[in-house]
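Peer 1: This structure is in structure tokens; I'll ask about it shortly.
The values are calculated or read from the model by the stated rules, or taken from the named source; none is laboratory data. Everything numeric here is computed off the predicted structure, so don't read it as measured data. Cβ placement follows ideal geometry from the backbone for every residue including glycine, while neighbour counts extend to all protein chains displayed.
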Amino acid sequence: MPEDGLSLVQHGVSARWIGECQVGLCQFQECLDRDDRQRIGEKWPQARGALDVAHNYALPLTLTIIAEMLGVPPEDKGLLDKWGKVLVRAVDFKRTTAIYEQAIGTSMEIFAYFAALSEAKRAHPGDDLLSQLVHAHDDGQRLSDMELAITATTLLMAGHDTTVNLIGNATLLLLQHPDQLALLRERPALTAAMVEEALRYHSPAQNTSRYTTEAIALGCVTIPQGQLVNVALGSANHDPAAFAEPERFDITRAVPRHLAFGMGMHYCLGAPLARQEASIAIPALFARFPHLRAESWTI
Ligand code: HEM
């Protein structure tokens, strides 16, 4: 049976590219220390001033990492950002037909872009994920050009907006809960737990979907077999049956088993990468700007 693109990423190269991204993240940390604006973003303030954490900090970081991972030339990063913004609106609850139509047009542009980039990688392979997928494709005829483009697009889409949301949400949560920020400063070893609690509290991806393989009785309704079901992850992560005092933001919560990355065979492929990005970016931000405060409380 032919493997699809995500299986190839999952089985063949995921461990390697996560490792490579780690190198990228370490470099990013160095760039933060040096105030390297070209890499961090033009709007990075020197010492004081306003900073849009999502757009001027988290986005350049996640875009750089995903672009480097895929082997997208740095000068095309702006395109990825533009496309990402259109596509992400199409998975929002408030989507309309017009938004869908725009997203379809954008998808065609992205497919054409990645098809051309794949051709370029075929001629001049690099040490990046797209080159590896092209190689796997050429080797065993396992991925069609369309599958190749769809895989690259999926990684791009899945890989940056969600992580931007995580970094932005976690920053805001810490500013809203100064006791938790003080605790984190006192005990930096709580960083990983803080990221998990932020994922639970304000889940960056609010929903996923599944088809029922059989009729399911849930409460007083029965969902028939073959039905598309929207799963509200953000709501599940505030279920009082699963989390004591779910409305409390507590970075010492014992091993929270949240659903922010989904569950089962479609569990998020980029979870380790997202966790690492957030674990570096959030403490680095508070270290660089010890007196950071929020201009607005809204998400
Ligand atoms: C905070 C950041 C992220 C969150 C909250 C997130 C969340 C999710 C969720 C909820 C799913 C669906 C899981 C399910 O239905 O069971 C998913 C799937 C996926 N994610 Fe992520 N994600 C994040 C970052 C990333 C990154 C950085 C990448 C790649 C670089 C990535 C790649 C994927 C892929 C490829 C899938 C589809 C997996 C499949 O269908 O088998 N994600 N993610």
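Peer 1: Take the residues in segment 192-237 that are closer than 21 Å to L175 by Cα and among the acidic types (D, E); name whichever of them is surrounded by the most Cβ atoms within 10 Å (Cβ to Cβ).
Peer 2: Here the answer is E197.
Peer 1: Please enumerate the residues belonging to segment 250-298 that are closer than 26 Å to R187 by Cβ, of a type in the set (A, V, I, L, M, F, W, C) and under 20 Å from the mean Cα position of the chain (by Cα).
Peer 2: Hits for segment 250-298 are A260, F261, A271, L273, A274, A278, I280, A281, I282, A284, L285.
Peer 1: Run down T163, T106, T171, T151 and say which single residue is part of a helix (DSSP H, G or I), within 14 Å of the ligand (Cβ to nearest atom) and farther than 28 Å from S296 by Cβ.
Peer 2: Being part of a helix (DSSP H, G or I), within 14 Å of the ligand (Cβ to nearest atom) and farther than 28 Å from S296 by Cβ holds for just one of T163, T106, T171, T151, which is T151.
Peer 1: So, of the residues in segment 256-266 that are more than 6 Å from the ligand (Cβ to nearest atom) and assigned to a loop (DSSP other than H, G, I, E, B), which turns out to be surrounded by the fewest Cβ atoms within 10 Å (Cβ to Cβ)?
Peer 2: Taking the candidates together, the pick is R257.
Peer 1: Only one of R248, R253, R293 is in a loop (DSSP other than H, G, I, E, B), at pLDDT below 90 and out of contact with any Ser or Thr (no Cβ under 9 Å at 6 or more places or on another chain); which?
Peer 2: Result of the check over R248, R253, R293: R293.
Peer 1: Whether any residue in segment 206-226 is under 21 Å from A281 (Cα atoms) and in contact with an Asp or Glu (Cβ under 7 Å, 6 or more places away or on another chain) is what I want to check.
Peer 2: For segment 206-226, residues under 21 Å from A281 (Cα atoms) and in contact with an Asp or Glu (Cβ under 7 Å, 6 or more places away or on another chain): absent.
Peer 1: Scan segment 270-284 and report the pairs whose first residue is of a type in the set (D, E, K, R) and whose second residue is more than 6 Å from the ligand (Cβ to nearest atom) and not in a loop (DSSP other than H, G, I, E, B), with Cβ atoms within less than 6 Å and a gap of 6+ or a chain change.
Peer 2: Sorted first by the residue in segment 270-284, then by its partner, the pairs are R275/V195.
Peer 1: Please pick out the residue among L184, L174, L155 that is surrounded by 19 or more Cβ atoms within 10 Å (Cβ to Cβ) and closer than 28 Å to H266 by Cα.
Peer 2: L155
Peer 1: Check L269, L273 and return the single one that is near the ligand (Cβ under 7 Å from one of its atoms), in contact with a helix residue (DSSP H, G or I) (Cβ under 9 Å, 6 or more places away or on another chain) and assigned to a helix (DSSP H, G or I).
Peer 2: L273
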